[in-house]
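Only one structure is covered here, and it is reproduced in the block below.
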Amino acid sequence: MGFNLQNVVPWGRSFDEYCAMFTLSELDLQKSIVGVGDGPASFNAVLTGQGGQIISADPVYAFNSKQIRQRIDALFNDMVKQVAANADNLRLDKFGSADALGKIRMQAMNQFLQDFDKGKLQDRYLDSELPALPFDKGQFDLALCSHLLFLYSEHLELDFHIEAVLELCRVAKEVRIFPLLDLSHRTSAHLEPVLQALAQSDFIANIEVVEYEFQIGANQMLRIQPAK
Ligand SMILES: C[S@@+](CC[C@H](N)C(=O)[O-])C[C@H]1O[C@@H](n2cnc3c(N)ncnc32)[C@H](O)[C@@H]1O
């Protein structure tokens, strides 16, 4: 079964949110970066505007900007309502309100959409997906994966997680994944077995507390590097 746009809930995070989730330093932003599952986030657009080197890989990039825009517009009001209804589990205080958050997300998605056609021509947005990426071993300094692995633990099985995380480790010298909670706000059941698989494959994985927190308790990032 192919990737279906009707299954995608487009809700892209901003450049500032990426920097906070992944504790990205000025030095990090000068590295060659792959963002896997970036969807309609503005990280690629903004970083490229700042002269950074980034490729985003996501199956949603098989669709054109008009189709993605239609999907965003069809779901946006519902998404804001869901955020408001779920406020007890969220640090909305950091954004002001569900409407204020909606504005930030829409601004990020607009930045993505304005950049998408040009970025696709420049091969900065690639229609590709985990667990197999079309990149060389060690092609990137840094791989980032936001709100895909661990979060969707009920939809993506353990074997997929292990394969996907090892694939990220293949294509980049360092991998950062956020968050580590699933959609039920519990630490993903896949986390511990993934850590074991990484240790067996000679990677060092550290769980680090970051400044960013939206889902209450989701303030930890996984950083993975090869054991020396
Ligand atoms: C919740 S969105 C997160 C978007 C962005 N990373 C952010 O934090 O704003 C999840 C994204 O993962 C993408 N995705 C789903 N399955 C994937 C896979 N197997 N490999 C790469 N991306 C995938 C979806 O198309 C979607 O854009």
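The values are calculated or read from the model by the stated rules, or taken from the named source; none is laboratory data. Note that the structure is predicted; figures quoted are calculated from it, not measured. No Cβ is skipped: glycine too gets one built from the backbone with ideal geometry, and neighbour counts run over all protein chains shown.
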**Message:** Tell me yes or no: at least one residue of region 135-143 is under 26 Å from SER25 (Cβ atoms), in contact with an Asp or Glu (Cβ under 9 Å, 6 or more places away or on another chain) and in a helix (DSSP H, G or I).
**Reply:** no
**Message:** For region 160-211, which positions are outside any helix (DSSP H, G or I), under 14 Å from ALA143 (Cβ atoms), within 16 Å of the ligand (Cβ to nearest atom) and of a type outside the set (Lys, Arg)?
**Reply:** ALA172, VAL175, ILE177, PHE178
**Extreme residue, farthest from the ligand (Cβ to nearest atom), among residues of region 125-159 that are without any contact (Cβ under 8 Å) to a residue 40 or more places away in the chain and among the acidic types (Asp, Glu)** = ASP136
**Request:** State yes or no: is ILE72 touching a Leu at 6+ places or on another chain (Cβ under 7 Å) and of a type in the set (A, V, I, L, M, F, W, C)?
**Result:** no
**Asked** Of all residues in region 214-228, which are at pLDDT below 95, part of a loop (DSSP other than H, G, I, E, B) and crowded, with 17+ Cβ neighbours inside 10 Å?
**Response** PHE214
**Item:** Failed criterion for GLN82 (all others in (1) in contact (Cβ under 8 Å) with a residue 24 or more places away in the chain; (2) part of a helix (DSSP H, G or I); (3) within 15 Å of the ligand (Cβ to nearest atom) hold)
**Value:** (1)
**Item:** Selected residue (only one of ALA108, ALA143 is crowded, with 20+ Cβ neighbours inside 10 Å and in contact with a Gly (Cβ under 7 Å, 6 or more places away or on another chain))
**Value:** ALA108
**Prompt:** Does PHE63 satisfy the criteria of being in contact (Cβ under 8 Å) with a residue 12 or more places away in the chain, aromatic (Phe, Trp, Tyr) and within 29 Å of GLU174 (Cβ to Cβ)?
**Reply:** no
**Message:** Could you check region 96-109 and list, in sequence order, the residues that are in contact (Cβ under 8 Å) with a residue 12 or more places away in the chain, within 20 Å of the chain's Cα centre (by Cα) and over 30 Å from PRO131 (Cβ atoms)?
**Reply:** LEU101, GLY102, ILE104, MET106, GLN107
**Asked** Where residues in region 17-32 are of a type in the set (Ser, Thr, Tyr) and within 16 Å of the ligand (Cβ to nearest atom), which of them is farthest from ILE207 (Cα to Cα)?
**Response** TYR18
**Asked** Taking region 33-76 only, how many residues are outside any helix (DSSP H, G or I) and either near the ligand (Cβ under 10 Å from one of its atoms) or within 18 Å of THR23 (Cα to Cα) (or both)?
**Response** 18
**Message:** I'd like the residue in region 156-198 that is among the small types (Gly, Ala, Ser) and at pLDDT 95 or above and, out of all such residues, is surrounded by the fewest Cβ atoms within 10 Å (Cβ to Cβ).
**Reply:** ALA189
